[in-house]
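See structure below.
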Amino acid sequence: MSGNYSSVSFDSQEIAPDPSLFSLNLTTQFPVERSIPQALLNNDTINSDISIAYQSTVRISNGDATGALWNINDTIYVFGGGFKEPINTLSAYNTTTNQWKEVNVTGGNFNFGNRTSSQYVSVPDSGLGFIYGGTDYMGGMIRLNASDPDNLSWTNETLGNGSHGIEVPNLESGAMVYIPAGDEGMLITFGGGNVTSGISPDSGWPYDSDWLTVYVYDIASHTWWAQRASGDAPSHRTGFCAVVTESPDGSAFHITTYGGWSLLYQRSFEDVQILSIPSFTWINATGLSSNTNKEQQVNSTVGRDSLTGACQAYRGAQMIVLGGEIRAGAYSLTNGACSNTFEPVRVLDLSTYEWKNELNTSASYEVPSIIYNKIGGNATGGAISTVPAAGFADPTLASLLQKHVGGATVTSSITPSTTPSDVAQSSSVNSGAIAGGVVGGIVALALVAGMAWFLIRRKRQDQAAEITIPQQKWEPPVPPQEMEATYGRLPEAGGVPIHEVAAGSHVVEIGVGYPRHMPTNPTE
């Protein structure tokens with residue numbers, strides 16, 4: 001949630017230090033990868049008496065004060081604030097009345113610390129919100145029940161005390177998303193750093209997660225599994241973002257990830273990867289997306305990080321990316337300043353994996369061939385590979401993934417246009433809307449009543465100059481270097497004239513997290 005915002009015109013730059021909640025109107029088609037039209041932005045100042053939201057945006061000057069934003073019904077709940085003693089309070093913003101208030105939650109004092117780099121997600125249809133991991137971690141996963149807005153409650157689930165199966169994972173700067181499978185839905189989380197594996201003595205950071213290990217949580221039974229995936233998985237990646245789409249026939253869910261920072265390789269990435277479920281197959285779509293990626297056409301080493309929570313699937317067909325730290329190798333190309341080269345909003349068509357110049361409010365989703373060539377079926381679904389290559393971690397998990405929230409188990413009758421080489425038994429589920437969001441961190445946006453909402457810590461004056469991009473040659477990976485045990489300041493994404501959101505902003509039903517950086521200037 002903390003980040004930088006600049007309002008720039010051709011002859012001046014507005015500076016206003018007040019913390020604010022900005023909303024971006026997504027109900028009309030508008031151009032992206034350029035300046036955000038000011039007319040599309042609304043600004044609601046957060047007063048200091050709204051302590052959780054206010055402290056989450058201004059408490060720490062280096063941008064580390066973060067948390068979660070849960071989007072439930074017509075309300076955004078703010079979790080975090082950097083409090084030294086646990087409390088049972090949240091800030092709540094009603095998107096209908098545009099009013100803030102503080103609300104109490106029964107069940108315990110679980111709002112504590114900054115919770116930077118945590119994974120969180122909202123399930124608006126059931127009134128639930130979840131968060132686990134990150135800094136100031138108390139252990140377990142907090143489960144908020146806001147189905148009755150007048151009687152909020154939460155629990156902190158740990159193994160044997162509210163949850164079952166395996167231990168609650170302890171990741172940071174990873175991703176968590178919701179899929180409407182099972183009786184009440186399931187959470188999928190992966191990537192980032194794995195604190196449970198320990199701290200690397202070379203870097204001072206947690207060891208990287210194995211992206212072939214995907215953690216699954218069943219909401220109805222409160223059960224965790226560790227499921228083995230296969231395919232072309234990313235690795236050594238934090239500060240990326242993720243969104244979910246569903247095949248039109250409901251036979252599979254496809255989680256698309258974008259960007260991220262690698263401590264090992266000392267650079268950011270523009271990679272686009274797909275995790276298809278229930279086969280738990282990783283597919284690399286970077287080759288497709290790079291054909292229309294203007295950022296990589298500027299410089300092949302350009303990448304974005306600090307994206308945890310910065311992406312959202314719009315109507316299940318497009319991925320909106322808001323903000324991010326932009327680098328060539330380890331070198332920051334924005335440094336908190338506005339830029340004509342790198343803009344704050346991007347849109348990726350999830351049916352073609354092409355970057356678009358505008359948000360298409362009438363777009364619909366079709367399964368792209370790069371997916372059904374791997375799992376079978378065609379553009380409408382009909383997935384044939386519905387069992388992981390390593391088998392399911394548990395028969396119960398296999399059974400749940402054949403169900404759809406609110407619907408019965410069905411078998412697809414679609415004739416596949418492509419059959420994968422390794423065909424597993426076939427099963428599918430009814431189609432349905434993806435309700436939830438993405439976990440992770442910089443700006444986070446939530447689609448509430450056709451609006452994207454994001455909290456900004458402060459507006460900052462920086463030079464709105466053209467960026468000189470170093471033409472760095474990519475070098476082979478080097479061993480991790482000693483890092484400070486603090487989170488680096490994340491400058492803002494660029495664009496002129498704009499209202500831009502910066503690399504440290506976190507909000508809404510997506511997660512929070514900072515990548516593990518080298519200095520912004522590699523010569524330092």
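The values are calculated or read from the model by the stated rules, or taken from the named source; none is laboratory data. Not measured: the values here are computed from a predicted model. Note that we place each Cβ from the backbone using ideal geometry, even for glycine, and neighbour counts take in every protein chain shown. Accessible surface areas use protein heavy atoms only, side chains included; no ligands, DNA or RNA. Shrake-Rupley method; radii C 1.70, N 1.55, O 1.52, S 1.80 Å.
Table for the structure above
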{"item": "Dipole magnitude of region 168-406 about its Cα centre (Cβ charges: Lys, Arg +1; Asp, Glu -1), debye to nearest 20", "result": "220 debye"}
{"item": "1.4 Å probe accessible area per residue over region 168-406, in Å²", "result": "25 Å²"}
{"item": "Descending semi-axes in Å of region 92-132, equivalent ellipsoid built from Cα gyration tensor", "result": "20, 15, 12"}
{"item": "Using a Förster distance of 45 Å, the FRET efficiency for S235-T97 (Cβ separation, nearest 0.05)", "result": "0.45"}
{"item": "Accessible surface of region 168-406, 1.4 Å probe, proportion on carbon and sulfur as whole %", "result": "46 percent"}
{"item": "Along principal axes, Cα extents of region 168-406, largest first, whole Å", "result": "50, 48, 27"}
{"item": "Computed E for A226/T45 - FRET, C-beta separation, R0 30 angstrom, nearest 0.05", "result": "0.10"}
{"item": "Cβ-Cβ FRET estimate between N357 and E85, R0 fixed at 51 Å, reported to 0.05", "result": "0.55"}
{"item": "Sequence ranges 88-100, 166-178, ranked by mean other-Cβ count within 10 angstrom, highest first", "result": "166-178, 88-100"}
{"item": "Area of K374 that stays accessible when all protein chains are in place (1.4 Å probe, Å², to 10)", "result": "120 Å²"}
